[in-house]
Amino acid sequence: MTHPGDDDLIERLRRIAAEADPPPGIVGAAARAALATRRLDDELAELVLDSAHEPELVRAAGDDVRMLTFEAGDVAVELQVQAQLHEAGRLAMRGLVTGPVAGLTVETPGGERTADLDADGWFAVEDLPPGPTRLRLTRPDAPAVTSAWIAL
Amino acid sequence: MAQDTGELLAAAADGNQAAWDELVARYNSMLWSIARSFRVNTADAADAVQTTWLRLVENLERINDPERLSGWLATTVRRECLRILRKSRVGAPLDFADELPDGADPLDTALLTDERDAALWRAVGQISQRCQELLRVLMTTPPPTYADVSAALGMPIGSIGPSRARCLDQLRRVAGDDDLLGAGEAR
């Protein structure tokens, strides 16, 4: 049964919600700034595996390691992310790139870090902030590959 | 003049910042509400919402059906929140609770000066999870269309009205005090 006061009650709740738990200004600012992260010319590497969504894989690897795999055509990157040992709130990432890749950067909305790839395609980056992160892989004879954003 | 979601998406895909800002204005509060209805703290909710907008930017050309945008956004933010919850349940060291400026409960009433508002807001935290989620989406600013609510929560449009009535009844029962509700509604 619809109560005659339902619309008023919803409006009152709307006013209270806006007062008690509004989205912080910084969240709106980050949302508006997101448009500038667009990479029209890059190929998108989709996330094809994330241990955070598959608990049985987490147990296999140990609870503290998150495993992620991105793929785009002949390029793939496998990542292991975990909390930095001696620095609370920072992350360490190591990974393996397969395919014809020349260079790799780790991007956050606020900046980017270049990682060195060894001869076998391994790389490691430390002291990363938690939050949205993506990888960009440059290729010698093809457009760069950018991974989907993922919150670390 | 309210612009159609499809036009805004197309303009944003052309790099039009004003169109993008309008999409953010339309849906950011809804995304925030969904994230907070999972009881994740402000920093985690901020990460989940920001990741959702970044994911939309990279998928701007791939959203074929503008009607489903709110559903896509809601699914994306919900998925992020579930991951965050799972992470804290296993107690993995990716837990920055100590570092956060604020682990505020979404139903914290510190910012509310009106006692009756505070009591009503606490009552929202005691109704069923499903009702909390529905009411929190319904109470976002600007008011969402039923089509958006339907897409965001994956419920048929026809069931929103009856569910809303049922959840508000539940809220009235929990809040208990008729004066409390009556006083607020009369204003």
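The residue list B:25, B:12 contains one member that is at the interface with chain A (Cβ under 9 Å from one of its Cβ atoms) and either closer than 19 Å to residue B:141 by Cα or not in a helix (DSSP H, G or I) (or both), which is B:25. Of all residues in the stretch A:18-45, those that are in contact (Cβ under 8 Å) with a residue 40 or more places away in the chain have Cβ atoms under 7 Å from Cβ atoms of residues that are surrounded by fewer than 17 Cβ atoms within 10 Å (Cβ to Cβ), 6 or more apart or on another chain, in A:41/A:143; A:42/A:143; A:43/A:73; A:43/A:143. Of the residues A:78, A:87, the single one that is at pLDDT below 95 and either closer than 22 Å to residue A:37 by Cβ or open to solvent by 30 Å² or more (accessible area, probe 1.4 Å) (or both) is A:87. Here residue A:38 qualifies as facing chain B (nearest Cβ under 8 Å), within 30 Å of residue A:141 (Cα to Cα) and open to solvent by 40 Å² or more (accessible area, probe 1.4 Å). The one condition from (1) over 19 Å from residue A:39 (Cα atoms); (2) outside any loop (DSSP other than H, G, I, E, B); (3) not aromatic (Phe, Trp, Tyr) that residue B:52 does not meet is (1). Of all residue pairs spaced 6 or more apart or on separate chains, those with beta-carbon atoms under 9 Å, a first member in the stretch B:147-169 that is more than 24 Å from residue B:123 (Cα to Cα) and a second member that is among the aromatic types (Phe, Trp, Tyr) and open to solvent by less than 30 Å² (accessible area, probe 1.4 Å) are B:148/B:27.
For the stretch B:48-70, the candidate set comprises residues that are modelled with pLDDT of 90 or more and under 15 Å from residue B:4 (Cβ atoms); within that set, the residue that is surrounded by the most Cβ atoms within 10 Å (Cβ to Cβ) is B:70.
The values are calculated or read from the model by the stated rules, or taken from the named source; none is laboratory data. The structure presented is a predicted model; accordingly, all values stated were derived computationally and were not measured. Positions of Cβ are backbone-derived with ideal geometry, glycine not excepted, and every protein chain shown enters the neighbour counts. Surface areas here come from the heavy atoms of the whole protein model, side chains and all, with no ligands, DNA or RNA. Shrake-Rupley method; radii C 1.70, N 1.55, O 1.52, S 1.80 Å.
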